[in-house]
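In what follows, a structure is listed as structure tokens, so that the remarks can point back to it.
Computed from the coordinates by the stated procedures, all read-outs in this text should not be read as laboratory data. Since this is a predicted model, take the numbers as computed values, not measurements. All Cβ positions, even for glycine, are placed from backbone atoms using ideal geometry, and neighbour counts span all protein chains on display.
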Amino acid sequence: MNVLVLNSGSSSLKFQLIATDRERIQKNADERICRGEVERIGGEAIVTAESEKSPRQKFTAPLADLSAALEYLIRWIASEESGISQVQSAADIHAVGHRVVHGGEMFSESAIITDEVLKGIEDCIDLAPLHNPNNIKCIRAARQILGPKVPQVAVFDTAFHHSLPERAYLYALPYHLYRRHHIRRYGFHGTSHRYVAYRYRVLRNLTREQTHVITLHLGNGCSAAAIRGGYPVDTSMGMTPLEGLVMGTRSGDIDPAIVNLIATKEGLSPHEVEMLLNTQSGLLGISGLTNDMRVLQQELKDHDDRRVRLAIEVFCYRARKYIGAFLACMGGADAVVFTGGIGENSTDIRARICTGLEWAGLKLDKNRNEHAIGKEAQISTDDSNLKAFVIPTDEELLIARDTVRCIAGEPHPS
Ligand code: AMP
């Protein structure tokens, strides 16, 4: 089955076409047919795409909205120019899996998109006003372009965290705010945390119940999850992806009183302050330079800039603080698992985070850490009580597999 995996943003559309089915899943033999991204939708859009058989292609096209972008993409996939032999026409796309950001309290797992499910995603718009509307547009566009007979599945960023106990998801606010407005912690990056926890247990030959890990997704967005017995018991992101770790442009945890203070002193509306916390803070805010960790590390090496150093220190300190807190929350863990662009590739950031966790039994193996770049590896010593692993995330693969399983009416084993 050729599954088109879509991750829609306000002006971008990431995609992958993956051939998978029950047999391929069992044999871990899914085939990545092509992948790419459409950026700057709304004007002269930039399309980048690559397939296993043809090199990276980059072109531009005037694409007014998500629907036009998707139509263009499907036409390109089916064209000779793409070199994709498995897809001769749109009819060779058998199903679509969508990354949907917020599933609220309603969705504890992936779901085939029916009118009722679509209404459920719409009901969560209040909780993710910047994200869910794009996901809905993309679902509608796919339905229109491919027809109602092509099954579509929603895979929610929040769903994996459904197992959080009340004590972890409830904010200490007047309880009626939870009742009236569903204000609580939901957690995000669920597909990524779920995937790396699954790969960890495959690598170590463990059952789900034996899986006790802290997963750290460190990319442009960053979050941690405390996973006990295979399911999260706590996570760092909250009602929105703003809470928790320091991120590329998001502040993570701050004293909520700061919002009003910034609004008053800087003459900003609450909405503008929220934007500032989401888009001008984090690594970018402290360094005053960039949200890109690679650039920051180069800058630190070349110029030892004070604010760059501070940004990196605050980033790593916060991550270490969460590991300590989660170890206490979950009564100890067997391993810390690093993933995301930074977690998978930056030996230095991993070392900085792990340094100071020796008390918890984590002994980093310098040599293993330095060789673990973008690949699955243990980076702690063999006698480390708290192990450390690098496991590259693969949300698209999980979305494609969930799509197959949902269509077959199977539960999701990973
Ligand atoms: P993601 O959102 O998962 O794509 O991650 C993006 C982040 O990963 C950016 O801050 C990148 O600078 C960072 N990143 C990617 N490769 C490296 C690397 N080799 N060293 C440090 N940071 C990296």
Quiz prompt | For Ser89, Ser163, Ser384, order by how many other beta-carbon atoms lie within 10 Å, fewest first | solution = Ser89, Ser163, Ser384
Quiz item: If eta is 0.692 mPa s and T is 37 °C, what Stokes-Einstein diffusion coefficient results for the stretch 103-219, Kirkwood Rh from Cα pairs, in µm²/s?
Solution: 203
Quiz prompt | Whole-Å distance, taken between Cα centres, linking the stretch 1-41 and the stretch 73-143 | solution = 11
Self-check item: Convex hull volume per residue in cubic angstrom - Cα atoms of the chain
Solution: 157
Quiz item: Over all directions, what mean area does the Cα convex hull of the stretch 321-414 project, stated in square nanometres?
Solution: 7.1
Quiz item: Within the set Lys14/Lys137; Lys14/Lys375; Lys366/Lys387; Lys58/Lys375, which residue pairs have Cα atoms separated by over 18 Å?
Solution: Lys14/Lys375; Lys58/Lys375
Practice problem: Under 11 Å from the Cβ of Tyr178, count the other residues' Cβ atoms, weight Lys and Arg +1, Asp and Glu -1, and hand me the total. | Solution: +2
Quiz item: Could you state the number of Å between the C-alpha centres of the stretch 289-348 and the stretch 199-224?
Solution: 17
Exercise. Among DSSP beta bridges lying fully in the stretch 1-157, give the percent that are antiparallel, nearest 5.
Key: 75
